[in-house]
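The values are calculated or read from the model by the stated rules, or taken from the named source; none is laboratory data. The model shown is predicted, which means the values in this text are computed figures rather than measured ones. Neighbour counts are summed over all protein chains in view; Cβ atoms, including those assigned to glycine, are modelled from backbone coordinates with ideal geometry.
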Amino acid sequence: MSAGRFTGKVVAITGAAHGIGAATARRFLDEGARLAVIDREADGFAEALGGHPAERLLTMAGDCTDAAVLTAFHARTVAAFGPVDVLFNNVGQSGRERAAPFHQSEEEVWRFVLEVSLFTAMRMSRLVVPEMRERGGRIVNMSSDAALVGDAGLADYAAAKMGIVGFTRALARELAPHRVTVNAVAPGAIRTRAHDRLTPAVIEHIEATTPAGFIAEPEDVAGCVAFLASEDARYVTGQTLLIDGGRWMI
């Protein structure tokens with residue numbers, strides 16, 4: 001960790017009350033950023049981000065699948081801190097308990113998964129890009145190794161997360177002349193609340209099929225996001241960084 005690496009920078013994160021989003025929020029605050037975060041479960045912010053300077057932290061409760069909520073979040077962020085320098089489009093999820101083999105899946109679930117995992121990233125990016133074109137900036141999008149592995153029962157999620165990869169590449173090409181980098185992270189098995197619902201047998205299978213042999217912590221992803229958002233990664237754009245212990249290698 002580099003103390004002060006993001007001092008003076010404005011960072012916005014969607015889905016930041018728990019898990020990877022919360023760990024990344026803490027990382028940016030620890031490195032000096034002014035941070036704006038939004039989550040539907042905003043009651044988690046006190047535990048996740050308590051103890052950090054209130055003058056550098058803006059929290060908002062809201063459903064990130066609602067375009068009007070994202071617009072309000074962006075407006076509040078700019079009013080409080082100024083234009084966004086770093087955007088981490090973290091929010092997203094699978095169908096979870098509604099996930100099913102494709103022949104049994106429902107279009108309603110597909111639409112939800114695409115909304116929360118792809119459209120939120122597109123909408124939030126559209127809000128910050130005009131100012132980033134003038135000032136430079138960093139966008140980091142949340143994909144998943146499920147996009148590349150193609151996990152059975154997660155066709156909608158894999159499609160959404162591969163959509164993130166394509167969106168990242170196209171936007172990176174558009175914005176490269178404006179000193180804006182756009183990259184994606186693609187985590188594999190990370191110890192979050194979603195993994196708490198898995199059975200011991202499933203956890204053992206994941207560990208056995210991951211070359212590194214263990215399940216990572218949210219902080220392992222946060223460090224990679226911070227790197228891609230930093231000046232150290234100024235020549236890295238359009239890339240998808242897998243953080244999955246070697247489950248999929250490119």
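Residues are listed down the side, and each one gets a yes or a no for (1) in contact with a helix residue (DSSP H, G or I) (Cβ under 7 Å, 6 or more places away or on another chain); (2) of a type in the set (S, T, N, Q):
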{"residue": "THR168", "(1), (2)": "no, yes"}
{"residue": "HIS178", "(1), (2)": "yes, no"}
{"residue": "ALA184", "(1), (2)": "yes, no"}
{"residue": "ALA201", "(1), (2)": "no, no"}
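For the subset of segment 1-44 comprising residues that are hydroxyl-bearing (Ser, Thr, Tyr) and at pLDDT 95 or above, which member is farthest from ALA72 (Cα to Cα)? Lay out the reasoning, then the answer.
At the first step, the residues of segment 1-44 found to be hydroxyl-bearing (Ser, Thr, Tyr) are 2, 7, 14, 24.
Going one step further and asking which of them are at pLDDT 95 or above, we end up with 7, 14, 24.
Working: THR7: 25, THR14: 13, THR24: 22 Å.
Taking the candidates together, the pick is THR7.
Name the helices (runs of 4 or more DSSP H) wholly within segment 80-150 that hold at least 1 residues that are crowded, with 20+ Cβ neighbours inside 10 Å and touching a strand residue (DSSP E or B) at 6+ places or on another chain (Cβ under 9 Å)? Don't jump to the end; show me each part of the working.
Details: elements: 107-114, 120-135, 146-149.
Output list reads 120-135, 146-149.
The numbered conditions (1) farther than 20 Å from HIS18 by Cα; (2) touching a Phe, Trp or Tyr at 6+ places or on another chain (Cβ under 9 Å); (3) at pLDDT 95 or above are all true for ARG179 except (2). Number of residues in segment 218-250 that are assigned to a loop (DSSP other than H, G, I, E, B) and at pLDDT 95 or above: the value is 7.
Summed over segment 1-55, the residues that are assigned to a helix (DSSP H, G or I) and not acidic (Asp, Glu) give a count of 18.
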